[in-house]
Amino acid sequence: MVSPWHGTGPELIIAGVAVAAAGVAGYAVAGWAGLAVVAVVTAAAAMVLLRGLLPQLTPDTAKTAREKPRARTLTGYSHRRFIVHTAMTSRNYYDGELRPVLEHLLAARLAERHGVHLYQDPAAARRLLCRHPRDADLWQWIDPGHGPTRPQTAVRDGPERRGIPRHTLARLIDRLEKL
């Protein structure tokens, strides 16, 4: 492997001579204090220069492990299918992954097509989403005011509660499309 410093001998010699001359001039003008100023300024300039010349390091794995995971975007059919399927089997997954996406879609539809702000006027949002009595139970799956709590009619599935039922998800998506 070729060194990145290969062929830089003349430039390094010129820089060394310039620093030595500045050091002598600083000592002549202000004594040891002048020499110290020249040394500090030279060291700082060298660090800035080397920082710019050296290749960037890869992120520290320990640092990236400590960072908070970011919300993932839905990309690709298989990923979307996985999210929907898992949201139907796990309430926690529904609350953490699919519910925020559906809530965002509801907020966008209401704002664009009806001029209603979901978070400022949830009553109007509920009236628009649940126009028919059979749709009244949809609100509890997307209500922004209740956070992660979900309907109490949930059936226990081992240690974790079941997610959104398939027919309820289909009705909710249908209502979002019709808004």
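The values are calculated or read from the model by the stated rules, or taken from the named source; none is laboratory data. All values derive from a computational prediction rather than experimental measurement. All Cβ positions, glycine included, derive from the backbone under ideal geometry; neighbour counts span all protein chains shown.
Things worth noting here:
- Among residues of region 100-113, those that are within 17 Å of C130 (Cβ to Cβ) and either crowded, with 17+ Cβ neighbours inside 10 Å or in contact with a His (Cβ under 9 Å, 6 or more places away or on another chain) (or both), counted: 5
- Inter-residue pairs, beta-carbon under 7 Å, first touching a residue at least 12 places away in the same chain (Cβ under 8 Å) and in region 78-92, second outside any helix (DSSP H, G or I) and of a type in the set (D, E), 6+ apart: S90/E160; R91/E160; N92/E160
- Pair list, Cβ < 6 Å and 6+ apart or interchain, from region 37-54 residues that are assigned to a helix (DSSP H, G or I) to residues that are of a type in the set (A, V, I, L, M, F, W, C) and modelled with pLDDT of 85 or more: V38/A22; T42/V19
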